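The values are calculated or read from the model by the stated rules, or taken from the named source; none is laboratory data. Because the structure is predicted, anything quoted here is derived from the model rather than measured. Virtual Cβ from ideal backbone geometry, glycine too; neighbours counted across all protein chains shown.
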Amino acid sequence: MLPVPPRPDRDPPPPPVAAPPAPEAPEPVPAPPAPGPVLLEPFVAEADSGLRLFRLAGVDVHVHFTWFIAALFVFRDGPMGYSSLAWPLAAYLVGFAVILLHEFGHVFACRWVGGTADRVILWPLGGLAVVSPPPRPGAQAVMTLAGPLVNLVLAPVLIALAYALAPATEDAPRTDEEMFVTSLAWFNLIVLVFNLLPLFPLDGGRLLHALLWRWLGRSTGLAVAAAVGVIGGACLCALALGTGEWWLALMAAFLTLSAFGGVRLSGQYARMERAERRTGWACPNCGAAPPVGEFWRCGRCFDQFDLFRPDVCPKGGDHAPLQSCPECHYKFASARWVQTPTAPPHSPGAA
């Protein structure tokens, strides 16, 4: 996730009512028109707050409304060294196309390792691929690496083109075409390097989590990676503020808050690793049996509840037409839980 291309010349709720015991194999309850529960996942933004641009390869591409506000901020100074305003506008749009290619790298890699991905969101701080990879460190690493790999492939192409368009002499005036390609080449390199910083939730931080996952387990690995992200993001924010780089400071502040969300999520993963597994049911995406406990949140009252005791929030009455697997974060309808004779012995996220 990165900003726009560089310029060529910046009263607690009451406790839930006790629910009746769940049957051995509860039948899904028909859903009334109510919002479904969402996983306690701080990183996935909901695309319904933005504008759907198009659908490509089964992926809905959305743009957040703040993207247009950022564009007005970027172009307030005019053409920025170009002969007309059309050139920086084109650079702004093509810069986000570079980010879109980066995010589609994550999407296709996630599908390749057996996960699901159906949305990409563009906003002023970059892009976000809404993906549900299998809960395995290897799958997480492959999916994460695919994004920067796209920028690595683009780098020599854009650099070579920039050199080909460069002025013959130092005294020769720069052309709009050369400034356009040079700015994109630099922007692509910045996207590559910045995303590989080991600051969760950047790609480098997610790679660090995948590595630590193998050694320490899913929850502990995420706790360490997220803690590094909190410290690194706070330092980066302080540095940016000290140098007057307000856009970088805003990005660093967002990264720090997201890393705090990672610390919270690691606690949820730790609870899932200790939780019993509900026999007779499995996620249709990753095959994991749902944990026994309050791992879902009501879409009406926002209290946490156990989706299977029963499949309705005892306070808010949400029948959960949509839900998320706590293991892989895949969202699906209630009727799509798969009935199985036995449950997996432990969480796939455990070491």
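Check whether at least one residue in the stretch 114-129 is part of a helix (DSSP H, G or I) and either on the phi < 0 side of the Ramachandran plot or surrounded by fewer than 20 Cβ atoms within 10 Å (Cβ to Cβ) (or both), and report yes or no. So that I can check it myself, show each step before the final result.
We begin by selecting, within the stretch 114-129, every residue part of a helix (DSSP H, G or I); these are none.
Looking for residues that are part of a helix (DSSP H, G or I) and either on the phi < 0 side of the Ramachandran plot or surrounded by fewer than 20 Cβ atoms within 10 Å (Cβ to Cβ) (or both), one finds none in the stretch 114-129, hence no.
Taking the stretch 75-90 as the range and being in a helix (DSSP H, G or I) and either touching a helix residue (DSSP H, G or I) at 6+ places or on another chain (Cβ under 6 Å) or modelled with pLDDT of 90 or more (or both) as the test, only 87 passes. Here residue 284 fulfils each of the conditions (1) over 22 Å from the mean Cα position of the chain (by Cα); (2) part of a loop (DSSP other than H, G, I, E, B) apart from (1).
Determine whether the stretch 167-185 contains at least one residue that is of a type outside the set (D, E, K, R), over 21 Å from the mean Cα position of the chain (by Cα) and outside the structural domain of residue 125 (by the TED database). There is no residue in the stretch 167-185 that is of a type outside the set (D, E, K, R), over 21 Å from the mean Cα position of the chain (by Cα) and outside the structural domain of residue 125 (by the TED database). Specify the residue that is surrounded by the fewest Cβ atoms within 10 Å (Cβ to Cβ); the eligible residues are those in the stretch 260-278 that are among the charged types (D, E, K, R) and modelled with pLDDT under 90. Restricting to residues being among the charged types (D, E, K, R) and modelled with pLDDT under 90, the top hit is 276.
A residue that is charged (D, E, K, R), at pLDDT below 85 and assigned to a helix (DSSP H, G or I) cannot be found anywhere in the stretch 15-36.
Right, residue 281: modelled with pLDDT of 75 or more and farther than 25 Å from residue 110 by Cβ or not?
Considered against the rule, which asks whether it is modelled with pLDDT of 75 or more and farther than 25 Å from residue 110 by Cβ, residue 281 comes out as no.
Scanning for something assigned to a loop (DSSP other than H, G, I, E, B) and modelled with pLDDT under 90, does the stretch 207-221 turn up at least one residue? The answer is no; no qualifying residue exists.
Name the one entry in 257, 241, 250 that is more than 21 Å from the chain's Cα centre (by Cα), surrounded by fewer than 18 Cβ atoms within 10 Å (Cβ to Cβ) and not assigned by the TED database to the domain that holds residue 140. Can you show your working first?
On the way: 257 fails: more than 21 Å from the chain's Cα centre (by Cα); 250 fails: more than 21 Å from the chain's Cα centre (by Cα).
Checking each option against the conditions leaves just 241.
Looking at this structure, is residue 293 at pLDDT below 80, on the phi > 0 side of the Ramachandran plot, touching a Lys or Arg at 6+ places or on another chain (Cβ under 7 Å) and outside the structural domain of residue 131 (by the TED database)? Yes: the conditions hold for residue 293.
Is at least one residue of the stretch 91-112 assigned to a strand (DSSP E or B), assigned by the TED database to the domain that holds residue 66, in contact with a strand residue (DSSP E or B) (Cβ under 8 Å, 6 or more places away or on another chain) and of a type in the set (Phe, Trp, Tyr)?
Going through the stretch 91-112, the residues assigned to a strand (DSSP E or B) turn out to be none.
The answer is no, given that none of the residues of the stretch 91-112 is assigned to a strand (DSSP E or B), assigned by the TED database to the domain that holds residue 66, in contact with a strand residue (DSSP E or B) (Cβ under 8 Å, 6 or more places away or on another chain) and of a type in the set (Phe, Trp, Tyr).
Do we find a residue being buried (at least 18 other Cβ atoms within 10 Å of the Cβ), touching a helix residue (DSSP H, G or I) at 6+ places or on another chain (Cβ under 8 Å) and part of a helix (DSSP H, G or I) anywhere in the stretch 158-169? Give the derivation first.
Filtering the stretch 158-169 down to residues buried (at least 18 other Cβ atoms within 10 Å of the Cβ) leaves 158, 162.
With touching a helix residue (DSSP H, G or I) at 6+ places or on another chain (Cβ under 8 Å) added as a condition, the list becomes 158, 162.
Next, only the ones that are part of a helix (DSSP H, G or I) stay: 158, 162.
Looking for residues that are buried (at least 18 other Cβ atoms within 10 Å of the Cβ), touching a helix residue (DSSP H, G or I) at 6+ places or on another chain (Cβ under 8 Å) and part of a helix (DSSP H, G or I), one finds at least one in the stretch 158-169, hence yes.
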